[in-house]
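Taken together, the values in this text are just the output of simple stated rules run on the coordinates, not laboratory data. It should be emphasised that the depicted structure is a prediction, and the values quoted were computed from it without experimental measurement. Cβ coordinates were reconstructed from backbone atoms using ideal geometry, including for glycine residues, and neighbour counts include every protein chain displayed.
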Amino acid sequence: MRTQLEFYMEEIKNRVARMYELASHAFMMSIEAFKELDVEMAREVQRTSDEIEELGIKIEDNVFETIVRRQPVARDLRALGSYNFVSLHLYRVGRYAYKVAHIVKLASQHELSHYKKLESIPYMAGLAKKTLDIAMHALLEGDLSQIDELEKLEASSDKETVAMFEEIVEYLKKMTGITTMSLFYVIVGRYCERAADHAFSIAERAIYVHTGKRRKLGLAYKGSADRGPH
């Protein structure tokens with residue numbers, strides 16, 4: 001029979017899982033809306049982003065209430081703190097989706113259109129989603145077997161970002177009247193990068209929850225030793 005603490009822990013975990021589903025869906029939908037410059041889809045993304053924010057507030061309240069009333073210790077306390085931490089990162093992914101949707105609206109207002117086929121941005125968004133999927137699977141299921149795959153995904157994202165910027169520069173040299181849309185490409189591409197960065201933070205937290213150790217992920221930290229529990 002489950003204790004009350006276990007019941008509340010499971011409820012919070014389920015809400016974190018739901019928040020992840022919403023944030024991932026909203027972000028990928030925002031990229032699709034940008035690709036198609038679909039204003040109605042952008043509005044749906046922003047509605048979902050608001051739902052993500054409300055869910056994040058509930059998770060925070062649930063975490064604090066559970067800590068105060070149930071007085072968890074050791075791994076349970078570590079998990080509760082991490083759920084709150086992860087919900088903040090998922091909220092930010094949802095905000096990126098909101099901002100991309102806003103860019104779609106701006107493009108429509110200014111009657112802008114794409115001057116090239118979008119390839120890099122959907123690819124980078126896909127990498128960000130895969131990174132987030134791995135991180136959240138590690139957190140929710142305790143399966144850390146794919147963590148090392150994150151390094152390869154980050155390298156692919158970095159390479160694609162450089163290629164996209166170089167391509168935009170070449171178009172700017174050859175064409176006029178594309179400055180605003182070029183800026184939108186750069187901003188949306190940056191949101192894809194940032195979404196993946198948040199996934200890395202979630203993955204680091206997953207390691208901490210399930211092993212009690214702190215580990216820095218990312219190519220910039222390659223070769224660094226684990227810091228161990230504090």
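Quick rundown of the values:
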item	result
Ellipticity estimate at 222 nm from DSSP helix runs (n ≥ 4, -39,500 (n - 2.57)) divided over the chain, nearest 500	-28500 deg cm²/dmol
Max mean-square fluctuation residue, GNM over the chain, Cα-Cα springs under 10 Å, options 172, 22, 144	172
The chain: relative contact order in percent, alpha carbon pairs under 8 Å with at least 6 residues between	24
Most mobile listed residue (68, 186, 16) in the chain, GNM with C-alpha springs under 10 Å	68
Whole-angstrom gap from region 150-219 to region 97-136, using each part's C-alpha centre	12
For the chain, built as a Gaussian network whose Cα springs stay under 10 Å, the top-fluctuating residue of 179, 161, 131	179
Inter-probe distance in nm under a simple model that places probes 7 Å from Cα toward Cβ, at residue 11 and residue 123	4.6
Spatially proximal aspartates and glutamates relative to residue 216 (Cα-Cα < 17 Å; intrachain offsets below 8 disregarded)	148, 149, 151, 154, 197, 204, 226
GluC sites (Glu not before Pro) restricted to DSSP loop in region 33-115 with at most 14 other C-beta within 10 Å	111
Gyration tensor verdict on region 140-210 (Cα atoms; rounded if a/c is under 1.5, prolate if a/b is larger than b/c, oblate otherwise)	prolate
Nearby lysines by direct alpha-carbon distance to residue 173 (threshold 29 angstrom, same-chain neighbours under 8 apart not counted)	35, 99, 105, 116, 117, 159
Prolate/oblate/rounded call for region 94-133, Cα gyration tensor, a/c under 1.5 rounded	oblate
